[in-house]
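First the structure, in the form of structure tokens, and then the observations on it.
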Amino acid sequence: MSTDTVQFFVSYTGVKLPLRLVTAIAPEQLSNRNTFIRGYFNAAGALTGFEKVVYGEIELTHRYDYHANGTLRRAEIVMLDEDPVTLSFDETGAVVAGQDGV
């Protein structure tokens, strides 16, 4: 994600992956916040991942990969002190059965 654009947000919303980041904030406003979301976007503007930062510690991480048609191909979710969960999706966006988290 080193070539991705980084943007900052107040929160995220949604139940379907990829989640949507909401209420953008400027980097200079981060010093006034205890919690924020650091979002990574590729050149096409698709969300490739985000980190929820709480009091300087990363509590939640999502990483996304996409099929050529733009639908989500893979999501890796890591929560603090829990095992990572990886979900795979077919080109229609349906979850591929038989994996952790399903």
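The values are calculated or read from the model by the stated rules, or taken from the named source; none is laboratory data. Bear in mind the structure is a predicted one, so any value in this text is a computation, not a measurement. Note that each Cβ is placed from the backbone with ideal geometry, even for glycine, and that neighbours are counted across all protein chains shown. Each accessible area value is taken on the protein alone, full model and side chains, heavy atoms only, with ligands, DNA and RNA left out. Shrake-Rupley method; radii C 1.70, N 1.55, O 1.52, S 1.80 Å.
Accessible area per residue, 1.4 Å probe, Å², for the chain: what's the number?
Counting only protein heavy atoms, the per-residue value for the chain is 62 Å².
So which chymotrypsin sites (Phe, Trp or Tyr not before Pro) in region 1-98 are both in a DSSP loop and have at most 12 other Cβ atoms within 10 Å of their Cβ?
Here the chymotrypsin sites (Phe, Trp or Tyr not before Pro) that fit, given the DSSP loop and packing criteria, are Tyr55.
About the Cα centre of the chain, how large is the charge dipole given +1 on each Lys and Arg Cβ and -1 on each Asp and Glu Cβ? Please answer in debye to the nearest 20.
380
I need the shape label for region 34-82. Rule: rounded when a/c is under 1.5, else prolate if a/b > b/c, else oblate, with a, b, c from the alpha carbon gyration tensor.
oblate
Would you indicate which of (i) 20.6, 72; (ii) 17.0, 59; (iii) 14.1, 44 is the value of Rg and Dmax of the Cα atoms in Å derived from the coordinates of this structure?
Comparing each candidate, only (iii) matches the computed number.
Run the accessible area of the chain with a 1.4 Å probe and give the carbon-and-sulfur part as a rounded percent.
50
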